[in-house]
Amino acid sequence: MPELPPALSGFWVTFRTQFQKVNTEQYPEQKDKFPPKPRFHGRHQLNRWADGLEKCVGCELCAWACPADAIYVQGADNSEAQRFSPGERYGRVYQINYLRCIFCGLCIEACPTRALTMTHEYELADNGREKVIFEKQDLLAPLREGMVPPPHAMVAGMDSHDYYMGKVTGATEQQREEVQHEEAQREEARRQDQGAAQ
Amino acid sequence: MTATSNDKDTAQAAAEVEMVTGVIDGHEVTVPKGTVIIRAAELTGVDIPRFCAPPLLDPVAACRACLIEVEGMPKPQPSCAVELGDGMVVHTQLTSEVAAKAQAGVMEFLLINHPLDCPVCDKGGECPLQNQAMTTGNPETRYTLQKLTFPKPINISTEILLDRERCVMCQRCTRFADEIAGDPFIELVQRGAHQQIGIGEEPFDSYFSGNTIQICPVGALTSADYRFRARPFDLVSVPTTCEHCASGCSLRTDYRHDAVMRRQAWDDPEVNEEWNCDKGRFAFPYLSLDRLSGPLVREDGELRPASWPEALRLAADGLGRARGRAAVLTGGRLTMEDAYAYARFARTALATDNIDMRARAIGPDEAGFLASQVAGTCGPTYAQLAAAPAVLLVAFEPEEESPIVFLRLRKAVRQHGQQVVTVAPYPSHGSTKLSATLVPAVPGAEAHSLAALPADVRDLLQQPGSVILVGERAATAPGALRAAADLADQTGAHLGWIPRRAGERGAVDTGCLPGLLPGGRPLTDPAARREVASAWGVAADDLPTSAGLDLPAVVAAIAADVATRRSAAEQGDEAPANTIDALLVAGVEASDVPHSDALLRALQDVPFLVSLETRPSEVTDFADVVLPVSVVTEKEGTFVDWEGRRRPFARSFPLATTFPDAEVLALLADYLDLDAAPRDVPALRAEIDSLGAWGGERPWPGAAGATDTPNPGPGEAVLASWRLLLDRGIMQEGEPYLAGTRQPSVARVSAATAAGVGVPDGERLSVSTDHGTIALPVEITEMPDGIVWLPMNSPESRVTTTLRATPGDTVRLGRE
Ligand code: SF4
Ligand code: SF4
Ligand code: SF4
Ligand code: SF4
Ligand code: FES
């Protein structure tokens, strides 16, 4: 091919590209067609044990590891009346600031209980600072089959070691009843409050 | 100050001690004979691992973490217990395979039963075991069997939790309890791998229990209060001074965001060494409890929020109208700078000498004593106290009223057999731990006991360096202060005055007493007035010339004003001018004052009341203007401890938006169109320093003689009482775990007195006056007959408000 003058050679590139395979992924139209890779670092998740108790022990190691100072944790004491995790301690306040997070995953490596992992969710942009500071309830894993929401007791006869050893496989009837009973009592209290208010 | 001569003494002493030279890791080091190897190694920059060897406890070599090799000795030696000898050649882990292996072996043993608790352990992040596991430990465990487990944690008191799995048996806690505090409740039990810290039958209710948490090298001892609250890297640490008592402890305040998380003792060898008491450590939640958020002014009988300019305008107008007829009550909790600002504001802006820093029982002798013996002076010091061969305590219970003084005395008793003599109604728990000799005294008649002091006690005090300590309670015993001062003159002993509150000494030094100007200057001395007037930029004639009224006199004057107004109104006459037209009150708690009902009535009756407070109180309830002020974490300042030593501290929260008292007073002075007083702490300090102490005469006029010893009839007794360290003081509010370690409230009488009213040991005794009755279980105590002791301000026993009595008063006893 004869040498084109420089001004035209640019047009030639454009013309030639029109007939090549398109690489652009259309977002959001095509997002389901292109799922993130398996080890993609997306939004964090706070996992649960098989009976619904939280894995996070509020140790703050994730916050300590974080190079961007994106995590804020406050631990607290599990009591007999209010148990959120097996063992003594749970994370009472848990926040991740997604304006700071750089998705490095160091927090995941630091977590001693595998409470913290990362999901594939990446649509985290929003139009206000407070909306991108995720609280514990935004980060907690959804309740799956066989889980009941804490606070509730550990599986009868098990202790925190048994949870770590994977001996707990789901909520027991007793735990279910406890949660239902608590819920009924709260409902009753609400009704009474409303009655009193009226 | 006497500390200089002290330094010389120590230097001389140092020159005389024998020195030895040894070789550690190839470096020669010369240390005083008796220095253990671990400390000598520190001097060469070599850090040997250790768990059981904090510097202030006797060596025990319990943990074996510090093993090192000494040439010529067959086995590795514990470096914390073996003294460096002359010519000794030592190899630490840095140069000796044997030492390194021994240390790693000990580490492995220690970790065999140690739980994998770091993520849930409060020590995590500042744990010597974690650190040494990283430096000296094996990365992999060889131990595959079941670890020893215990139920955890267990409460050894409401505040202190013990997790036996984490304990490394270093015995720091048991040795602290035994050697320092003298409350040995926790002990090692069992042996070998099953060894553990056991608890006795009784809870570990020591006033110093928090120190065991701080010195525990692992997370075995933790506090209920700080449990799971924060990690060390969350915390910003600020060195501060404790605001609770006159011991003057150096503390470290750790805060996260805008809340104090914990407080710890800070190392200050001259004052608190490495310790503090549980009140200073745990009683800080009050700092953020129901704080006043803005000024309040009274409108139609109700307080309503107001802006600062409005509130300041009203306060300034009211105070300005009362110029010359106002009074200032400052309580005993202010910093030195704030106290000074009140002293200056009273004399200049209010043109009055009616100022009193005491919110407690006071006596006629006291102001003279403080002005002539205490104000602007320095010493005796802790060092003198520790070195004293004998110490006489007069109306002073160190363990309850100034705990670090107690620790220093106990150390001296243990180390060189110091003899402590106490003039008190009975040998208290603290006196017993000091092996103190009791000179029995009927409360209020301490002067008689001092006059009739046994000859051998006088001989003790004649030894050079002896000390006499009088407590603030001595003021209520007529003649006792004079007797103590005379005794000090006769025997040559140093005389020290120990108030209870952190702010009292600073207020004395800065002139918050009637008749006393800053630096111990007598108001009645024209030269002293001139010095102060020139520093304040006022004419000397403008300062008051005669001593003003103290708190009881102010209260009485307001009552008299009311009576005069009433009788004038009845006669239809024009009312004469009031003596007191306005009151300016800082942090005063009415119930601290005997006859608090009279004070409350005065607060209600005074025509104009301005209150500078941090939280709503009985004073703000009656105030016309309430101006909120800063708490200690929000301001810088200085507390002056009982020695007269300045204990400056910085602001903890850098962004604090509240005003300290001194700044509010400066604003008020602005509104009064007065020459501006200094408003920030450096300027106030500079002014206090430039005034300095008074060099002239310090008269102590008016000798109040001792009164007769009261003679209670049948069914009556003389009241003895003091405040316990942990009681229902408002600065301990909001800390239920600390409150749980309070001593149980009991009434104490002798067996004969109890038998006289027919109350057997343990039954409830009722103690009454015309105003009320306190009923408490009785504890038969070895003490003179005809005396009953009650805790002054415990939840079940509030002597000032229920009985409205002061120690020395006669009360009625009965069976409940
Ligand atoms: S992913 Fe990285 S930046 Fe984000 S929270 Fe975790 S540690 Fe912090
Ligand atoms: S997520 Fe994991 S690392 Fe973070 S606080 Fe919870 S348990 Fe600790
Ligand atoms: S004591 Fe130290 S090593 Fe032991 S669990 Fe606590 S932080 Fe970890
Ligand atoms: S509880 Fe702590 S201080 Fe006491 S022996 Fe155990 S490790 Fe040492
Ligand atoms: S530090 Fe030496 S044996 Fe414990």
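The values are calculated or read from the model by the stated rules, or taken from the named source; none is laboratory data. Quick caveat, the model's predicted, so the values are computed rather than measured. No Cβ is skipped: glycine too gets one built from the backbone with ideal geometry, and neighbour counts run over all protein chains shown. Areas reflect the complete protein model, heavy atoms only, side chains present, ligands, DNA and RNA absent. Shrake-Rupley method; radii C 1.70, N 1.55, O 1.52, S 1.80 Å.
Anything in the stretch B:85-133 that is small (Gly, Ala, Ser), more than 14 Å from chain A (Cβ to nearest Cβ) and under 21 Å from B:GLN214 (Cβ atoms)? List them, or say none.
The one that is small (Gly, Ala, Ser), more than 14 Å from chain A (Cβ to nearest Cβ) and under 21 Å from B:GLN214 (Cβ atoms): B:ALA133.
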Inset, instruction - Could you check how many residues of the stretch A:92-108 are more than 14 Å from chain B (Cβ to nearest Cβ) and under 20 Å from A:GLU54 (Cβ atoms)? - result: 2
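Tally time: how many residues in the stretch B:235-249 are assigned to a strand (DSSP E or B) and open to solvent by less than 20 Å² (accessible area, probe 1.4 Å)? I'd like the intermediate steps shown before the answer.
Step one: of the stretch B:235-249, the residues assigned to a strand (DSSP E or B) are B:236-241.
Right, trim to open to solvent by less than 20 Å² (accessible area, probe 1.4 Å) and you get B:238, B:240-241.
Here the count works out to 3.
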Legend entry - the stretch A:100-123 - residue that is more than 30 Å from A:GLY166 (Cβ to Cβ) and more than 11 Å from ligand 1 (Cβ to nearest atom) and, of those, surrounded by the most Cβ atoms within 10 Å (Cβ to Cβ): A:TYR122
Legend entry - Of all residues in the stretch B:123-149 being within 29 Å of A:ASP77 (Cβ to Cβ) and outside any loop (DSSP other than H, G, I, E, B), the one that is farthest from ligand 4 (Cβ to nearest atom): B:MET134
Inset, instruction - Could you check, for the stretch A:71-81, whether at least one of its residues is away from ligand 4 (no atom under 16 Å from the Cβ), of a type in the set (Asp, Glu), surrounded by 17 or more Cβ atoms within 10 Å (Cβ to Cβ) and at the interface with chain B (Cβ under 10 Å from one of its Cβ atoms)? - result: no
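Do we find that B:GLY644 is among the small types (Gly, Ala, Ser), assigned to a loop (DSSP other than H, G, I, E, B) and either more than 28 Å from B:GLY515 (Cα to Cα) or in contact with a Pro (Cβ under 7 Å, 6 or more places away or on another chain) (or both) in this structure?
Working: among the small types (Gly, Ala, Ser): yes; assigned to a loop (DSSP other than H, G, I, E, B): yes; either more than 28 Å from B:GLY515 (Cα to Cα) or in contact with a Pro (Cβ under 7 Å, 6 or more places away or on another chain) (or both): no.
Criteria not met by B:GLY644.
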Legend entry - Sole residue being touching a Cys at 6+ places or on another chain (Cβ under 7 Å) and away from ligand 4 (no atom under 16 Å from the Cβ), chosen from B:VAL120, B:VAL90, B:VAL98: B:VAL120
Inset, instruction - Among the residues of the stretch B:205-242, count how many are away from every other protein chain (no Cβ under 14 Å), within 16 Å of ligand 3 (Cβ to nearest atom) and β-branched (Val, Ile, Thr). - result: 4
Inset, instruction - State the number of residues belonging to the stretch B:101-130 that are more than 18 Å from B:LEU221 (Cβ to Cβ) and not aromatic (Phe, Trp, Tyr). - result: 12
Inset, instruction - Would you check which residues across the stretch A:109-143 are in contact (Cβ under 8 Å) with a residue 12 or more places away in the chain, within 14 Å of A:ASN47 (Cβ to Cβ) and more than 14 Å from chain B (Cβ to nearest Cβ) and list them? - result: A:THR117, A:MET118, A:THR119, A:LYS136, A:LEU139, A:LEU140, A:ALA141, A:LEU143
Legend entry - Residues being within 14 Å of B:ASN211 (Cα to Cα), in contact with a Phe, Trp or Tyr (Cβ under 7 Å, 6 or more places away or on another chain) and within 13 Å of chain A (Cβ to nearest Cβ) - total across the stretch B:137-176: 0
Legend entry - In the stretch B:163-178, the residues that are within 16 Å of ligand 5 (Cβ to nearest atom), open to solvent by 20 Å² or more (accessible area, probe 1.4 Å) and part of a helix (DSSP H, G or I): B:ARG172
Inset, instruction - Kindly indicate whether B:ASP268 is more than 18 Å from B:GLU636 (Cα to Cα), out of contact with any Ser or Thr (no Cβ under 9 Å at 6 or more places or on another chain) and not aliphatic (A, V, I, L, M). - result: no
Legend entry - In the stretch B:730-749, residue surrounded by the fewest Cβ atoms within 10 Å (Cβ to Cβ) [restricted to those that are touching a strand residue (DSSP E or B) at 6+ places or on another chain (Cβ under 6 Å) and part of a loop (DSSP other than H, G, I, E, B)]: B:SER745
Legend entry - Of all residues making up the stretch B:387-436, the number that are open to solvent by 20 Å² or more (accessible area, probe 1.4 Å), without any contact (Cβ under 8 Å) to a residue 40 or more places away in the chain and touching a Leu at 6+ places or on another chain (Cβ under 9 Å): 1
Legend entry - Failed item, numbered, when B:PRO151 is tested on (1) open to solvent by 10 Å² or more (accessible area, probe 1.4 Å); (2) more than 22 Å from A:GLY87 (Cβ to Cβ); (3) at pLDDT below 90; (4) out of contact with any strand residue (DSSP E or B) (no Cβ under 6 Å at 6 or more places or on another chain): (2)
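Matching residues to (1) under 21 Å from the mean Cα position of the chain (by Cα); (2) at pLDDT 90 or above; (3) outside any loop (DSSP other than H, G, I, E, B):
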position	(1), (2), (3)
B:ILE180	yes, yes, yes
B:PRO184	no, no, no
B:ILE197	no, no, yes
B:GLU201	no, no, no
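Could you tell me whether the stretch B:373-386 includes any residue that is over 23 Å from B:GLY248 (Cβ atoms) and open to solvent by less than 20 Å² (accessible area, probe 1.4 Å)? Before you say what the answer is, go through the steps one by one.
Narrowing the stretch B:373-386 to residues over 23 Å from B:GLY248 (Cβ atoms): none.
Checked the stretch B:373-386: no residue is over 23 Å from B:GLY248 (Cβ atoms) and open to solvent by less than 20 Å² (accessible area, probe 1.4 Å).
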Inset, instruction - Considering each of B:SER721, B:SER690 in turn, give the residue that is of a type in the set (Gly, Ala, Ser), within 30 Å of B:PRO425 (Cα to Cα) and in contact (Cβ under 8 Å) with a residue 12 or more places away in the chain. - result: B:SER721
Inset, instruction - Within the stretch B:766-781, identify whether any single residue is among the aliphatic types (A, V, I, L, M), part of a loop (DSSP other than H, G, I, E, B) and touching a residue at least 24 places away in the same chain (Cβ under 8 Å), and answer yes or no. - result: no
Legend entry - Exclusive hit being within 14 Å of chain B (Cβ to nearest Cβ), surrounded by 14 or more Cβ atoms within 10 Å (Cβ to Cβ), at pLDDT 95 or above and on the phi > 0 side of the Ramachandran plot, set A:GLU54, A:GLU60: A:GLU60
Inset, instruction - Just one of (1) over 23 Å from B:CYS118 (Cβ atoms); (2) open to solvent by less than 40 Å² (accessible area, probe 1.4 Å); (3) modelled with pLDDT under 90; (4) not β-branched (Val, Ile, Thr) trips up B:PHE208, so point out which. - result: (3)
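If I filter the stretch B:250-264 down to residues being touching a residue at least 24 places away in the same chain (Cβ under 8 Å), open to solvent by 10 Å² or more (accessible area, probe 1.4 Å) and not β-branched (Val, Ile, Thr), which single residue comes out as nearest to B:ILE498 (Cα to Cα)? Before the answer, list the steps.
Filtering the stretch B:250-264 for residues touching a residue at least 24 places away in the same chain (Cβ under 8 Å) gives B:250-251, B:253-256, B:258-262, B:264.
Still in the list and also open to solvent by 10 Å² or more (accessible area, probe 1.4 Å): B:250, B:255-256, B:258-262, B:264.
Subsequent filtering for residues that are not β-branched (Val, Ile, Thr) retains B:250, B:255-256, B:258-259, B:261-262, B:264.
Details: B:SER250: 18, B:TYR255: 31, B:ARG256: 34, B:ASP258: 34, B:ALA259: 32, B:MET261: 30, B:ARG262: 27, B:GLN264: 23 Å.
Taking the candidates together, the pick is B:SER250.
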Legend entry - Considering residues of the stretch B:115-132 that are within 16 Å of ligand 5 (Cβ to nearest atom) and open to solvent by less than 30 Å² (accessible area, probe 1.4 Å) only, the residue farthest from the chain's Cα centre (by Cα): B:GLN132
Legend entry - the stretch A:82-91: number of residues that are at the interface with chain B (Cβ under 9 Å from one of its Cβ atoms) and open to solvent by less than 20 Å² (accessible area, probe 1.4 Å): 1
Inset, instruction - Give the residues of the stretch B:703-717 that are farther than 21 Å from B:ALA483 by Cα and either open to solvent by less than 50 Å² (accessible area, probe 1.4 Å) or under 30 Å from the mean Cα position of the chain (by Cα) (or both), sorted by residue number. - result: B:PRO712, B:GLY713, B:GLY715, B:ALA717
